[in-house]
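Worksheet for the structure shown next.
Every number in this text was worked out from the coordinates using simple rules, so none of it is lab data. Fair warning: this is a prediction, and the values are worked out from it, not measured in the lab. Here Cβ is always computed from backbone atoms with ideal geometry, including for glycine, and neighbour counts include all displayed protein chains.
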Amino acid sequence: MPEVLAPPRPAALRACMSRFTTGVTVVTYEGDDGPRGATMNSFTSVSADPPLILISVARRARCHDQLVGRPFCVNILGAEHEALARQFAGTAGAAEPRWMPGARVPRLDNPLAWIECEPWRSYDGGDHTLVLGQVTDLGHRDGDALTYAWSRFGTAAESSDGIEHLI
Ligand SMILES: Cc1cc2nc3c(=O)[nH]c(=O)nc-3n(C[C@H](O)[C@H](O)[C@H](O)COP(=O)(O)O)c2cc1C
């Protein structure tokens, strides 16, 4: 039997997670009163067949009830998009979001990459809801990436010897 330990303090868990470098996304969707988005870094690929990705949406976030169960688009941000990331996180940032005209599901204009999804399954994730999306459309461009580590935004330079040659 595994030893049952006392649950970690939230601050201790945050301190560990802050050492895990991620990219930064804005998840966009059609809200009740127009296109909406929320900054999220709890994003990962899950399955190639069927093509599935995962996001984790805080139950207390305003977006929760509008996003879960609807088509959505994961916009992976470029290095120049820190102000957008701050704005869609509800913190300081005065960037005016530009939306891609004519998109089936609202998405940002010119992200580093975008992955459009239909809702596939949702699961209880404690104070979050885990949303699996089935990929319906996608695209990408060249450029440096926005990152998040140590509770700060940073950048990662585009690499010419990535995996593009595999695709
Ligand atoms: C770098 C970063 C990553 C975030 N990742 C998530 C996430 O994965 N899931 C989530 O629910 N909120 C995340 N947030 C918080 C949301 O962006 C924030 O609660 C936002 O206000 C949600 O949008 P809403 O107010 O329209 O619901 C993150 C914030 C930042 C700055």
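Give the relative contact order (percent, whole number) for the stretch 24-149; include only Cα pairs under 8 Å separated by 6+ residues.
Details: 277 pairs, mean separation 37.5, N = 126.
30 percent.
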Open item on the list: Once each part is reduced to its C-alpha centroid, what is the distance from the stretch 114-136 to the stretch 29-46 in angstrom?
Closed with: 10 Å
- [ ] Would you mind ranking PHE153, PHE72 so that the residue whose beta carbon has the fewest other beta carbons within 10 Å leads the list?
- [x] PHE153, PHE72
Task: Taking THR22, THR39, THR91 and counting other C-beta atoms within 10 Å, the order from fewest to most - done: THR91, THR22, THR39
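Taking neighbour Cβ counts within 10 Å as the exposure measure, how do ARG60, ARG141, ARG107 sort from fewest upward?
Details: ARG60 8, ARG141 11, ARG107 25.
Exposure proxy ranking, most exposed first: ARG60, ARG141, ARG107.
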Open item on the list: Amide H of ASP137 versus every other amide H placed in the peptide plane: which residues, excluding those fewer than 5 positions away on the same chain, fall under 5 Å?
Closed with: GLU116
Task: Hydrodynamic radius (Kirkwood) for the chain, which is based on Cα pairs only, to one decimal in Å - done: 16.9 Å
